[in-house]
Amino acid sequence: MSKLTKRDKINIYNYWKNYGKSSTWLSKKYGVNSTNIRYLLKLIDHYGLNILNRSHTTYPI
C-alpha cells in the first residue's frame, strides 16, 4: 500500500459524496483500510477540501 496523493483523496471524497460509493468499495479500489477511508471522509466533510492543503498537523500542548 502506498500513500494516497492529494488527487486520490479528492477522488475518494467525490466518489463518496457525489456517487454514494461505500467506504468498503473505496477501500478495495484504493487499497486502504475502510476505517482510514471513513476517517478521511469525516475530516473532509467537517473541514472541507482545504484540510488537504496542510502539510502537517500541529497539536496543542
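Karplus couplings for the range 9-24 from phi (6.51 cos²θ - 1.76 cosθ + 1.60, θ = phi - 60°), rounded to Hz, Gly and Pro as x?
Each residue of the range 9-24 in turn: 5, 5, 4, 4, 4, 5, 4, 6, 6, 8, 10, x, 6, 7, 5, 5 Hz.
Please rank LYS3, LYS28, fewest neighbouring Cβ atoms within 10 Å first, as an exposure proxy. Please report the intermediate quantities before stating the final value.
Details: LYS3 6, LYS28 12.
Listing LYS3, LYS28 from fewest to most nearby Cβ atoms yields LYS3, LYS28.
Show that you can apply the helix-only estimate: for the chain, add -39,500 (n - 2.57) for every DSSP H stretch of four or more residues, divide by all residues, and state [θ] at 222 nm to the nearest 500.
-18500 deg cm²/dmol
Output needed for the chain: three equivalent-ellipsoid semi-axes, defined as square roots of 5 times the C-alpha gyration tensor eigenvalues, in descending order, whole Å.
Over the Cα atoms of the chain, the ellipsoid semi-axes are 20, 13, 11 Å.
With only Lys, Arg, Asp and Glu charged, each at its Cβ (+1 for the first two, -1 for the last two), find how big the charge dipole of the chain is about the Cα centre; round to the nearest 20 debye.
Taking the Cα centre of the chain as origin, the dipole is about 140 debye.
Multiplying the sequence separation of SER34 and SER55 by 0.36 nm and subtracting their Cα-Cα distance, what value in nm do you get?
5.2 nm
Throughout, read-outs are computed from the coordinates displayed, never taken from laboratory work. Keep in mind it's a predicted model, so treat the numbers as computed, not measured. No Cβ is skipped: glycine too gets one built from the backbone with ideal geometry, and neighbour counts run over all protein chains shown.
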